[in-house]
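The structure under discussion appears below in the form of structure tokens.
The values are calculated or read from the model by the stated rules, or taken from the named source; none is laboratory data. Worth saying up front: this structure is predicted, and the values here are computed from it rather than measured. Please note: Cβ atoms are built from the backbone with ideal geometry, for glycine as well, and neighbour counts cover all protein chains shown. Side chains included, ligands, DNA and RNA excluded: accessible areas come from the protein's heavy atoms. Shrake-Rupley method; radii C 1.70, N 1.55, O 1.52, S 1.80 Å.
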Amino acid sequence: MAKVCVFCGGAPLTKEHVLPRWLKVALDPSVRKFRYIRLSGGGFQRHDAPPLNDQVKVVCSGCNSGWMNQLEEGVRHFLPALIQGKPCVLDTRAQRALAAWALKTLLMFQYTHRPEVRAVIPAGDFAALHTRRQPTESMLGRLGFMNYPPDDSEPLVDTLCQGYGTTELGGVAWIGTLKIGCMVVQIIRAPDVADGYKLTPFEALPSLRPMWPPEGPIKWPLVAAIPPELMTALALPESLDLNTMPG
Ligand SMILES: [Zn+2]
């Protein structure tokens, strides 16, 4: 574990719940299992445990109770509906809040694992979130829908973060995927985009919609569900096909 705050370099460190305990209201108590798989450089990890227990001690109290708490507050009124698949509409402001919250949560999940597995997300991406409180222009976010797991045969919470080689792509790249209940959020970190260019947004699909940068409102639940067996293919695409266009 780090000795100083991974965001601001401050101390002392405080414990942070990776998933907030207030999410309990959104989780069906009869489906309890947590699954975490990470494949990075061929590594594979899995464990089963109650979903809201994970804590990490890598952030200072100023960050924890300040801007990180504000990111929690920004999603609190709609996140339970997303997780449960209840009807709602996400406007662009909600999509911004969700993208920032998902990025923060993916960064905290990094610290539930050993250092060699954790190296996928570079320190600069932590610093950028601390400064901006939102994803950068070198990131894309999208929101997918899955049916709520019927029982413990499917994971209630599933998160994966895959790094991509630096040579072919000319920089750091990774994809973080976080599924909780019906909600699947992905943050795709492309190699740094040159000035004057921006990433081409992903195509809107019946089960997967672009969310960062936000476009139009998203009506939830989406009209189609991603089959759970496609989770691995979604989170670990064989190649990262990202294009840029003049901004
Ligand atoms: Zn801090």
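I need the full set of residues from the stretch 208-241 which are part of a loop (DSSP other than H, G, I, E, B), surrounded by fewer than 19 Cβ atoms within 10 Å (Cβ to Cβ) and of a type outside the set (D, E, K, R), in order please.
If the condition is that a residue be part of a loop (DSSP other than H, G, I, E, B), surrounded by fewer than 19 Cβ atoms within 10 Å (Cβ to Cβ) and of a type outside the set (D, E, K, R), then 213, 216, 217, 223, 224, 225, 227, 236, 237, 239, 240 are the ones that fit.
Applying the selection to the stretch 175-199, what residues are within 22 Å of residue 162 (Cβ to Cβ) and open to solvent by 50 Å² or more (accessible area, probe 1.4 Å)?
Listed by number, the list holds a single entry, 192.
Testing residue 208 on (1) under 30 Å from residue 64 (Cβ atoms); (2) at pLDDT 95 or above, one condition comes back false. Which one is that?
(1) is the only condition that residue 208 fails.
Can you pull out every residue in the stretch 7-17 that is of a type in the set (A, V, I, L, M, F, W, C), closer than 12 Å to residue 127 by Cα and open to solvent by 30 Å² or more (accessible area, probe 1.4 Å)?
Answer for the stretch 7-17, where residues must be of a type in the set (A, V, I, L, M, F, W, C), closer than 12 Å to residue 127 by Cα and open to solvent by 30 Å² or more (accessible area, probe 1.4 Å): just 8.
Looking at (1) within 16 Å of the ligand (Cβ to nearest atom); (2) modelled with pLDDT of 80 or more, find the lone condition where residue 1 falls short.
(2)
I'm checking my understanding of the structure. Among residues of the stretch 68-80 that are touching a residue at least 40 places away in the same chain (Cβ under 8 Å), more than 9 Å from the ligand (Cβ to nearest atom) and part of a helix (DSSP H, G or I), which one is surrounded by the most Cβ atoms within 10 Å (Cβ to Cβ)?
For the stretch 68-80, the residue satisfying everything is 79.
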